[in-house]
Amino acid sequence: MAALALAVDARPYVVANRRASSVVLPSICFTFGIVLAWGFVPALAVQLAAMAIAGVRMRQSPRRALHLAGQHAVALAGAAAVAALAGLHVGAQPHWDDALLTVAAAAAWIGARTGLDALFARCLSAGRRRRRVQRWGLELFATAALLLLGPVVLAAAQVGLALVPLVLLALHAVHRMVRSAGEYERAARVDSLTGLPNRRALQTSVAERDAARGLHRPERGLALLLLDLDRFRTVNDALGHTTGDRLLVEVARRLAAVVPSHDLVVRLGGDEFAVLATRVDGPAAARRLAAHLAEELGRPFALDGLPIDVSASIGIALQGERGGDGASLLRQAEAAMYDAKERGDHVAIYARDTEHHTSDLALLADLRRAVQADPGSDPAADGITVYYQPQIAVATGELVGVEALLRWRHPVRGMVGPSELLRVAEQTPVMRLLTSRVLREVVAQLGAWRAAGRPLRASVNVSVRDLHAADIAVEIDTLLHRYDVPPDLLQLEITESALMADPHRVLDTITRLDRMGVAISLDDFGTGYSSLQHLRRLPFAEVKIDRSFVLGMAADRGDAAIVRSVIALADSLGLRVVAEGVEDERTWRLLAAAGCHAAQGWFHARPMPAPDLAVWLSRYRPLRPGREPGALAVPTS
């Protein structure tokens with residue numbers, strides 16, 4: 001038993017992600033059996049000899065070795081006391097009461113060592129805030145397994161010594177369990193691509209460092225610097241994801257090389273990195289560190305002989321007097337980083353006025369839940385509603401169509417404005433979900449109007465993300481057949497910015513929709529940078545003049561000239577022209593004189609839900625330009 005104890009401690013078990021004190025000696029399996037059979041003194045002698053071997057193997061300091069020896073001596077004493085008081089003696093044929101007493105002795109062993117460790121830690125932390133002692137289940141389980149294996153070895157030895165070496169297989173199984181658990185724990189805290197700690201390790205480190213600061217906090221505090229690489233997507237698109245991954249590895253190496261050893265470099269995911277600085281003397285010091293990191297990243301990276309320039313937007317969050325967890329510190333640094341991107345600056349420090357980015361993320365999450373929720377019998381139960389604004393023929397005053405406009409009433413914030421809704425959702429997958437929701441409701445409403453004998457054409461706004469989706473044409477075709485709606489009653493509006501984002505890819509989708517009979521309108525014309533050749537080459541049916549020109553045409557000669565030019569150009573190409581933002585009679589008369597086909601704005605009607613539109617239609621009487629001003633009042637709901 002003693003020889004096996006000395007042999008197995010040549011490979012002690014070190015529990016992953018713990019301090020050096022968190023070591024499990026496999027020799028306790030044999031020394032626990034010795035204490036049950038031969039008493040405390042021989043067990044202690046064998047344990048100390050085995051620990052000497054383990055100490056040499058792990059290169060422990062004398063102080064550390066004495067501390068570990070004291071723990072195991074007290075643990076063996078506790079087990080020996082229980083065995084002596086109960087008169088426990090494990091023989092070749094143990095009884096049930098022997099098994100229960102063995103468990104009690106093992107519990108005394110664990111309790112004595114844990115109690116001494118806690119007492120020692122409390123003495124060391126006198127005068128400071130006591131640090132919470134975390135006990136991992138893995139360490140406890142491995143210790144208990146080794147202790148309870150000792151009496152089994154002892155009983156097997158009394159049957160025949162040839163059975164004792166077989167226990168080495170069980171010890172190897174415990175060793176593999178601890179090692180596998182350690183590897184799993186390490187993988188959960190380390191980024192697989194760069195080898196840097198990950199988000200989970202960052203949060204743990206913030207919590208541990210905050211707890212270690214004690215009641216008397218030092219002047220130097222924690223600062224979290226969040227780095228987001230600029231234009232990294234361009235590298236992936238131009239050189240491929242393999243080169244992009246290599247660039248991330250090189251960025252990680254450079255950051256790890258320039259950051260002091262007492263700080264932590266983390267990869268959060270994608271092209272985001274973070275540095276947890278632990279000795280920061282305030283915002284000025286944090287800015288200096290951020291400037292140093294930006295300067296280091298500004299040196300080109302050489303990949304396959306090609307120099308690649310990298311820059312980063314850095315957001316800084318300083319831990320306050322009350323501390324804070326890693327999640328809140330990370331949110332603040334992220335808000336500061338987005339603020340730096342918006343201002344075109346490389347570095348920004350978190351302030352209360354940067355919270356709108358966090359607010360946007362919360363709003364987007366609420367919007368996603370609303371879109372994905374099952375509305376049941378009431379489509380507007382989630383607050384998402386489609387409003388319709390009439391489009392009036394300028395020459396005759398007849399209603400020629402409506403534009404579908406999305407509205408969302410947030411349960412807490414109330415009605416969310418269209419511009420804010422578009423800003424939050426346009427560049428995310430939620431936009432595609434919203435478009436599908438609007439298309440479904442609008443086509444269903446077109447079917448209902450058609451069945452009621454009042455067919456109307458409705459325009460729906462779509463984003464560049466929608467046009468890049470290969471299935472949008474199939475989706476629209478399915479909806480039109482489901483609700484028995486002719487294709488010419490549906491029109492899609494795209495902006496110039498969406499057109500210019502990827503003209504060739506957008507052209508494929510537009511062509512498919514045009515062949516189906518769905519008309520395409522170019523929205524906000526005049527505000528983008530598209531070439532006029534797109535009006536000639538792409539299958540547009542309509543051009544909408546942006547409201548910024550229409551609103552000012554009655555008072556500004558330049559705006560009026562632009563509006564007349566657009567109308568003349570579209571007319572020569574055989575396109576309809578719709579003017580947005582018509583809010584007064586004079587503007588309406590000027591549009592009529594210029595030959596504009598249709599007008600849309602508050603002069604005729606505001607956007608309204610479908611039931612209110614039905615009431616408005618029942619009261620509306622077409623009006624032609626040239627009537628007396630007093631007769632131009634349009635009744636509204």
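How large is the accessible surface per residue of the stretch 388-434, computed with a 1.4 Å probe and reported in Å² as a whole number?
Each residue of the stretch 388-434 exposes 42 Å² on average to a 1.4 Å probe.
When the chain is fully extended, how far beyond the present Cα-Cα distance does residue 6 get from residue 236, taking 0.36 nm per residue of separation?
Taking 0.36 nm per residue and subtracting the Cα distance, the gain is 77.2 nm.
Taking Cα atoms of the stretch 391-510, Rg/Rh with Kirkwood Rh, to two decimals?
Using Cα coordinates only, the ratio equals 0.99.
The values are calculated or read from the model by the stated rules, or taken from the named source; none is laboratory data. Model, not experiment: these values are computed from the prediction. Heads up: the accessible areas ignore ligands, DNA and RNA and are worked out on the full protein's heavy atoms, side chains in. Shrake-Rupley method; radii C 1.70, N 1.55, O 1.52, S 1.80 Å.
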